[in-house]
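Nothing in this text is a laboratory measurement; each read-out follows from the coordinates by a stated rule. All of these numbers come straight from a predicted model, not from anything done at the bench. With ideal geometry, Cβ positions are generated from the backbone for all residues, glycine too; neighbour counts draw on all protein chains shown.
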Amino acid sequence: MIEAYAPYTNEETIRELELLAKELKDIKVLHVNSTKEGGGVAEILTRLVPLMNELGIKTDWKVIKGDEEFFRTTKKIHNLLHMPQQETLESSDLINYLRTTYENLNLIDTENYDVVFIHDPQPMGLVVKKQKGQRWLWRCHIDTSTPDQKAWEFIEGFLNAYDAAVFHIPEFVYRGVKIPAFVIPPSIDPIHPKNMELKEEQSKDILERLGIDSRKPMLLQVSRFDRLKDPLGFYQAYKLVKKKYDCSFVLAGSFAPDDPEGQEVYTEVLNAAVGDKDVHVLNLPPTSHVEINALQRSATVVFQKSIREGFGLVVSEAMWKRKAVIGGNTGGIRRQIVDGLTGYLVNTVEGAAFRAKHLLADRSLREVLGENAKERVRHRFLITRHLKDWLLLMSFLLGSSQIGTGGLEPPTSAL
Amino acid sequence: MKESFLFKTELWVPLYTGLKVDNLQDFIRTMRTVDAQSILYHLYINFFNYHSLPSYYANSFAYWLYMNGYRTLAEKISLIDPTDYFDLEEVRQSMLGILEDYKDEKVKGTLEPFYFMSVYRKVLETGDIARDIDEFIRGLRNSSINSIFYHLITSRVEKKRLINDYSQWLMNEGYAKKAEEISKLNIYAFNLYELKEEILRILEEG
């Protein structure tokens with residue numbers, strides 16, 4: 001399986017992964033998160049855990065168990081770590097969190113591992129079981145730069161027992177982190193249906209099925225129906241471009257029936273665009289990987305016109321398909337797009353329209369930026385780089401004598 | 001006795017120092033004390049990662065200065081060639097010399113933040129060994145860009161010497177002209193793939 005990645009990177013990269021893994025082959029590694037399916041964490045573990053095993057590092061993946069109330073509490077903690085909200089952490093939340101954590105201590109064996117990766121806040125409390133000599137690592141997928149203070153203090157009690165933490169980008173690291181903070185961005189998988197090569201005919205068929213005229217230049221944004229992704233800003237930019245270029249507008253995303261904001265935003269965009277036959281607002285099932293792939297490959301210009309963004313890995317997905325992406329100048333988008341070299345960073349609707357017009361007018365500009373974009377993703381945002389980072393991280397953890405104290409008191413008095 | 005050439009490679013994972021600045025004064029203050037590995041990271045991350053930054057500024061310090069309107073400082077910092085030094089402290093002092101002496105530009109307010117990163121580095125032997133020039137060329141062909149980076153750049157810092165590993169070995173083997181040509185390569189004019197091809201071209205020339 002690891003060899004399957006060689007055509008997308010090169011043989012030397014695979015050889016380096018094998019060299020790194022050779023030094024770690026006698027260790028046992030455990031990953032713990034909160035779900036086997038759905039969401040970015042499960043997606044990346046589904047791919048990386050088998051690769052680690054293939055490289056000879058015995059790696060298991062376990063999932064914390066909890067009732068609805070527990071996951072409501074952890075969702076609240078998640079939101080509060082992101083930023084202060086109207087709601088706050090109550091004593092009952094903490095009791096609930098700690099009770100479920102203690103129940104899981106008996107369900108999840110963490111003792112027989114040399115390195116334990118804990119993903120996000122849900123299983124974080126398991127660290128109370130940390131044994132001497134073990135290395136524990138907290139993988140944070142949240143922007144914690146401006147957290148609610150109480151929520152931060154609560155998790156900090158656990159966090160300080162870890163040997164290191166990992167964040168997507170330095171902007172997401174809270175200034176009060178006292179343990180080594182590594183920066184490991186997420187990655188895309190080139191052999192996932194979302195990114196695999198597609199024949200032009202396949203893409204055309206899919207577009208036809210979706211009712212999109214593949215002969216027309218296409219402006220595309222793939223995102224949830226969420227105001228922070230600024231779908232209306234994308235539409236306004238399209239209207240400005242449309243004055244000069246006959247192109248189509250495709251907004252592809254999904255929303256669940258129990259997502260009122262998604263439904264609202266979807267309707268708003270539809271209402272704004274009523275009567276324009278070149279506008280396609282697609283609510284696709286979350287499993288529409290090949291459809292999204294075909295749309296990205298067929299697009300002339302890709303937008304990610306977010307106002308606020310986590311990492312925004314969809315940008316790298318489009319860049320991998322040699323697309324110059326016009327992205328909002330925010331969050332992880334800024335770490336993926338090098339302005340003017342692999343795409344454009346914009347602050348306004350007008351800026352987005354201006355860049356789109358340039359790209360539509362100049363095929364060679366699209367090709368140069370698109371090629372640069374692909375190379376940037378090849379070196380920085382592919383799963384092979386992610387795997388290399390994990391191996392290095394374990395090498396750091398197991399090689400350092402200054403880290404790892406073992407054990408801690410649970411933060412029952414954090415509030 | 002002649003020495004064999006042991007091919008190695010170097011891999012990085014970034015580590016955040018926790019030091020974030022948003023004005024020139026703090027930038028200079030932090031530059032004085034930040035870990036030397038941070039200097040290494042910001043000098044080289046650009047071409048270590050290939051398309052990291054627009055190539056008209058050589059390192060991320062210069063790029064940040066440029067992005068925040070300190071264009072003159074950006075030019076001066078960009079001209080510092082770290083391959084002229086084997087000691088990161090000397091590079092640091094050269095940059096500080098430029099930053100501290102520079103009085104002409106107006107003091108700006110709050111800038112886009114600069115995050116001082118550091119790095120955990122791991123050097124590994126690749127298993128390739130060269131005992132003669134043919135094996136050397138073969139080893140180089142097998143080398144990754146990370147290996148090129150190590151032998152051309154960071155091993156000099158580790159060994160505290162100005163000459164890169166390739167040139168040193170070639171010199172010992174009696175290929176002084178080739179050694180010199182490789183030493184003179186302008187690392188900022190090429191990406192690492194192109195550097196590899198340039199070195200191979202020099203080695204394979206008659």
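Odds and ends about this structure:
- In chain B, Cα pairs under 8 Å separated by at least six residues give a relative contact order of 34 percent.
- Isotropically averaged projected area of chain A, using the convex hull of Cα atoms (one quarter of hull area), nm²: 20.2 nm²
- The share of alpha-carbon pairs in the range A:274-339 lying farther apart than 20 Å comes to 35%.
- Relative to its residue count, the range A:333-384 spans a Cα convex hull of 72 Å³ per residue.
- Extension gain for A:GLU371-A:GLU197 works out to 61.1 nm (0.36 nm per residue, less the C-alpha to C-alpha distance).
- Degrees between helix A:289-298 axis and first principal axis of chain A (Cα, 0 to 90, nearest 10): 40 degrees
- Ellipticity at 222 nm from helices only: DSSP H runs of n ≥ 4 in chain A, each -39500 (n - 2.57), divided by the residue count, give -13000 deg cm²/dmol.
- Inter-label distance, nm, simple model (7 Å from Cα along the C-beta direction), B:ALA189/B:GLU204: 2.0 nm
- Rounded to 10°, Cα long-axis angle of helix A:200-209 versus longest principal axis of chain A: 80 degrees
- Each of the peptides A:17-28, A:348-359, A:1-12 was scored by the mean count of other Cβ atoms within 10 Å over its residues; in descending order, highest first, they stand as A:348-359, A:17-28, A:1-12.
- Vicinal HN-Hα couplings computed from phi for the range A:377-386 (Karplus, 6.51 cos²θ - 1.76 cosθ + 1.60; Hz; Gly/Pro x): 5, 4, 8, 10, 10, 8, 4, 5, 5, 4
- Distances between placed amide hydrogens fall under 5 Å for A:TYR344 paired with A:VAL325, A:ILE326, A:GLY327, all partners being 5 or more residues away or on another chain.
- For the range A:67-217, the spherically averaged projection of the C-alpha convex hull amounts to 13.6 nm².
- Between helix B:36-48 and chain B there is an angle of about 70 degrees, using the helix long axis and the longest principal axis of the Cα atoms.
- 5 angstrom amide H check on A:LYS305, placed H, neighbours 5+ away: A:GLY328
- Theoretical gain in end-to-end length, A:LYS216 to A:THR35 [0.36 nm per residue, Cα-Cα removed]: 61.0 nm
- Value of relative contact order over chain A, rounded to a whole percent, pairs C-alpha under 8 Å and six or more apart: 17 percent
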